[in-house]
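Rule-based calculations on the coordinates, nothing more; no lab input. From a predicted model like this one, the values you see are computed outputs, not experimental measurements. Heads up, the Cβs are rebuilt from the backbone with ideal geometry, glycines too, and the neighbour counts pull from every protein chain shown.
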Amino acid sequence: MAGEAADSVGSAFATGQHQFDVAAEALGLDDDLRAVLREVKRELVVHFPVAFDDGSFALFTGFRVQHNIARGPAKGGLRYHPAMTVDDARALAMFMTWKAAVVDLPFGGAKGGVVCDPHQLSQAELERLTRRYATEIALLIGAEKDIPAPDLGTNAQVMAWLMDTLSMHAGYSVPAAVTGKPIDIGGSEGRVGATGRGLVTVTLMAMREHGLQARGATAAVQGYGQVGSHCAALLAEAGMRVVAVSDSRGGVRRGDGLDLAALDAHLRDGGRVSDFEAGERISNRELLELDVDVLVPAAMESQIHARNAEQVRARVIAEGANAPVTPSAEDHLEERGVLVVPDILANAGGLVVSYFEWVQDLQAFFWDAGEVDRRLESIMVRSYQRVRQIAEQQHVSLRAAAYRVAVAKVAGATRVRGIYP
Ligand code: NAD
C-alpha cells in the first residue's frame with residue numbers, strides 16, 4: 001500500500017481512514033460510531049524465532065489485525081513480505097471489511113503476515129516459519145473467529161501447513177479455519193480463477209452501461225499473473241481483443257489481439273511475457289497509455305497516478321489490483337469521463353469463492369466448478385447493480401458508491417448490535 005496513494009495523506013492506514021471519513025460524512029454517521037469504525041478492533045504483534053537449515057536461527061515479526069467483526073468472522077489474507085508493517089495490516093484489514101460488505105458476505109475484515117522474504121527461505125524454513133507463526137496467532141484464528149487466506153508471498157501450500165498446524169492443536173481437522181487450501185484438503189473448485197472471473201463479470205456490465213459492446217472491443221492487462229491471466233482469457237472469451245499484457249519486466253502488444261494460448265505455452269516453457277515473439281515489446285508505462293476500451297491494472301498499487309493519468313486513454317479501468325489508481329489520478333480520470341470500477345468491488349471474486357470454500361468446509365458438502373462459477377457470477381452481478389444504483393441516485397463515482405454501500409452495512413450492523421456491556 002506504499003506509493004502515491006498513501007503519500008497523499010500519510011500512511012496506508014491513514015489513506016484507508018480518509019476514504020472511510022469521506023463515506024461516513026456522506027452517510028451522516030454519528031461521531032461516536034465513526035470513531036469505532038475508523039479504528040481497528042484488535043491487533044496482535046508476535047516476535048518468534050525460526051531455525052534455519054544450518055542450525056542457526058533468527059527472530060521474525062508477524063501480525064494479525066482484525067478491523068471489524070460486527071457482520072461475521074474476520075477474513076483476510078496473510079502476506080509474507082520484507083516491507084510488511086502493522087500499518088499495512090491495519091489498512092488492508094479495514095479494506096477487507098468494506099470488500100466483504102460491498103458483496104454482502106457475512107465476514108469482517110482482517111489481515112496478517114510476517115516480515116520476511118519468502119524467496120530467501122528454503123521450503124523447510126518456510127514451513128517452520130508458517131507453523132510457528134500459526135501457533136503464535138492461533139488464539140485469534142478459527143472457523144467462527146478469523147479465517148486467513150493467501151496473499152502476496154503465500155500460497156495454497158502455506159495454507160495447507162497453517163490448516164495442519166491448527167488441526168494438530170485442535171486434535172482434529174479444522175478445514176474451515178483457512179481458505180485458499182489445496183482441493184485435496186477442502187479447497188474449493190474455481191478459486192484460482194475466481195478474481196479474474198468476478199472482474200470480467202463486472203467489467204462487461206460496466207462496458208454495456210458505458211455504451212461499449214464486448215465484441216471487437218480492445219483490452220490491455222497489466223500484470224499477467226493469477227488475476228491478470230484469467231481475466232485476459234475471459235475477456236477474449238467474451239469476444240474482446242486483448243492487445244497487450246505485461247509482467248514486471250515489461251509487456252507485449254499485438255494490435256489484432258494476442259494469441260493467449262500460445263503465450264501461456266511460452267510461459268509454461270519458462271519464457272517471460274516480454275520475450276513472447278508473436279507481438280512487439282512495450283514497457284509497462286506504454287501499456288498503461290494504450291488507446292484501448294478497457295484497461296485492467298492487475299499488478300500493484302499506485303500504477304496510475306497524478307503524473308501519468310493524463311496519458312491514460314482507456315474508456316473503462318477495472319481495478320484488478322488493490323488501489324492501482326491513486327485518488328488524485330482518479331479525479332483526472334473522472335473529469336475526462338473514464339469509468340473506474342473500484343477494487344473493493346472489481347476484485348472481490350477471490351473473497352467470494354473463499355466464502356464458498358468456508359461454507360463448503362462447514363457443510364462438508366462440495367460443489368462442482370460450474371456451481372461455484374454460477375454462484376460467483378450471481379453475487380458479482382447483484383453487487384455491481386447495487387453499487388451502480390447508488391452511484392446513479394447520488395451522482396457519485398462507483399468507488400464513492402461502493403464505499404457508501406459498504407460503510408452503511410457495517411455501520412448498521414455495529415449500531416444494531418449495540419455497545420457492550
Ligand atoms: P501474481 O503474483 O500471480 O501476479 C502479479 C503479476 O504482476 C505478475 O505477472 C508480475 O510479474 C506482475 N507485476 C509485478 N510488478 C509489476 C509491475 N510493476 N508492472 C507490471 N507487472 C508487474 O499476483 P495476483 O494474485 O495475480 O495478484 C495481482 C494483484 O491483484 C495484487 O495486487 C493482489 O493484491 C491483487 N488481488 C489478487 C487477488 C487474488 O485472488 N489473487 C484478489 C484481490 C486482489
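Using C-alpha pairs below 8 Å separated by at least 6 residues, the relative contact order for the stretch 194-341 is 23 percent. Working ranking of peptides 242-251, 269-278 by packing, defined as the average number of other Cβ atoms within 10 Å per residue, highest first, is 242-251, 269-278. Across the alpha-carbon set of the stretch 277-421, the Rg to Rh ratio works out to 1.06, Rh being the Kirkwood radius. For the listed peptides 113-119, 189-195, 412-418, a ranking on the average number of other beta carbons within 10 Å per residue, highest first, reads 189-195, 113-119, 412-418.
Residues with beta-carbon under 9 Å from that of Ile69, excluding Ile69: net charge, scoring Lys, Arg +1 and Asp, Glu -1? Residues close to Ile69 contribute a combined charge of +3. If the Kirkwood radius is taken over C-alpha pairs of the chain, then at 4 °C and 1.567 mPa s the Stokes-Einstein diffusion coefficient equals 59 µm²/s.
A simple rule links phi to the HN-Hα coupling: the Karplus curve 6.51 cos²θ - 1.76 cosθ + 1.60 with θ = phi - 60°, which for the stretch 179-184 gives 10, x, 7, x, 4, 4 Hz, with x for Gly and Pro. Phi angles of the stretch 245-254 translate, via the Karplus equation with coefficients 6.51, -1.76, 1.60 and θ = phi - 60°, into HN-Hα couplings of 9, 8, 10, 5, 8, x, x, 9, 9, 8 Hz per residue; Gly and Pro are given as x. Measuring nothing but how far apart in sequence close Cα pairs (under 8 Å, 6+ apart) lie, relative to its length, the stretch 39-174 scores a relative contact order of 27 percent. Listed by number, the DSSP H helices of the chain that run 15 Å or longer by alpha-carbon position along their axis and have mean Kyte hydropathy of at least -1.0 are 12-27, 86-102, 123-137, 156-170, 194-209, 226-237, 349-363, 369-394, 398-417. Listed by chain and number, the aspartates and glutamates whose alpha-carbon sits under 13 Å from that of Lys111, ignoring those within fewer than 8 places in the same chain, are Glu43, Asp87, Asp88, Asp146, Asp151.
Electrostatic tally near Leu345: other residues with Cβ closer than 13 Å to its Cβ, Lys and Arg +1, Asp and Glu -1, net +3. Taking packing as the residue-averaged number of other Cβ atoms within 10 angstrom, the listed peptides 224-235, 326-337 run from highest to lowest as 224-235, 326-337.
Each Cα pair under 8 Å and six or more residues apart adds its separation to the average, and for the chain the resulting relative contact order is 16 percent.
Secondary structure note: in the chain, about 50% of the DSSP beta bridges are antiparallel.
For the stretch 194-341, the average shadow cast by the Cα convex hull is 7.6 nm², which is a quarter of the hull's surface.
DSSP beta bridges confined to the stretch 39-174 are antiparallel in about 65 percent of cases.
Relative to one another, the C-alpha centroids of the stretch 358-391 and the stretch 124-188 are positioned 23 Å apart. Summing +1 for each Lys or Arg and -1 for each Asp or Glu among the other residues whose beta-carbon sits under 13 angstrom from that of Glu25 gives 0.
The H on the amide N of Val221, modeled in the peptide plane, is under 5 Å from the matching H of Ala244, Val245, Ser246, Val296, each at least 5 residues off or on a different chain. When Rg and the Kirkwood radius Rh are both evaluated on Cα atoms of the stretch 128-208, their ratio Rg/Rh stands at 1.10. Computed over the stretch 39-174, the percent of Cα pairs more than 18 Å apart is 51. Checking the a/c ratio against 1.5 first, then a/b against b/c, what shape does the Cα gyration tensor give for the stretch 346-421? Note, shape of the stretch 346-421 comes out oblate.
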